[in-house]
Amino acid sequence: MQFTWLDYPSQYADEIETWCDEAALEFALDKKSLADEHQMYLDEEYRLGYNYYCKIVLDRDTPIAVLMLAMDEDSSKVHLTEDIVYVETLIINPALRGKGYGARIMTELLENQLALIDHDHNIFVSQIHKDNDVSKKLMQRLGFTYMRFEGDEDNDWFNWVYPESCTERFATYWDELEDDEDDEDDEDDEE
């Protein structure tokens, strides 16, 4: 591997907070800071290093990116042999954007899943904002497949799935999750 991957938080946390510029807030973060975003996952009962990963990526000793991944443990409910890993946040140091780091980081992740997140045979899903042309082009170059689902017409975020060979299984999984949510809503309405 060409990069060093550290678990968040680390001695770089303060520097990485400065990367929360307008583009990061619009396209990557639900919260106003990476620390808040990280805490949100922990508050939602994700466990760091088990089903949630927050990695700071270094090139030599320079922090170049932060990457947040969340595992979907519901995948076993629909008989998937793969785990689903959501690429929740990828923020490149603004001073280094446009230099190919995003592609190199994602390639390293896809090629070294077991070493980096202790899981293998994953389906990766990234939800990309419709106006985030840079990330859409990156996902295409990496071999992610754009997937649109029924009801997405009013949504600003779209799924990109990797590898392409898993798109049909992911679509089935997504449909079954939606059906389960609809059933839960119907049960709530009956009460």
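The values are calculated or read from the model by the stated rules, or taken from the named source; none is laboratory data. Treat the numbers as computed from the prediction; the structure is a model and nothing was measured. Glycine also receives a Cβ, built like all others from the backbone with ideal geometry; neighbour counts cover every protein chain displayed.
Every residue in the range 131-148 that is closer than 15 Å to Ala23 by Cβ and basic (Lys, Arg), please.
Lys136, Lys137 - these are the residues of the range 131-148 that are closer than 15 Å to Ala23 by Cβ and basic (Lys, Arg).
Of the conditions (1) closer than 13 Å to Ile92 by Cα; (2) crowded, with 16+ Cβ neighbours inside 10 Å, Glu17 clears all except one; give me its number.
(2)
Test each condition in (1) crowded, with 19+ Cβ neighbours inside 10 Å; (2) in contact (Cβ under 8 Å) with a residue 60 or more places away in the chain; (3) more than 18 Å from Glu26 (Cα to Cα) for Val125 and report the one that comes out false.
Result: Val125 passes all but (2).
Can you tell which of Asp72, Asp30, Asp43 is under 30 Å from Glu176 (Cβ atoms), within 19 Å of the chain's Cα centre (by Cα), at pLDDT below 90 and surrounded by fewer than 14 Cβ atoms within 10 Å (Cβ to Cβ)?
Matching residue, one of Asp72, Asp30, Asp43: Asp30.
Any residue at all in the range 126-147 that is within 25 Å of Arg47 (Cβ to Cβ), out of contact with any Lys or Arg (no Cβ under 9 Å at 6 or more places or on another chain) and not acidic (Asp, Glu)?
Yes - at least one qualifying residue is present in the range 126-147.
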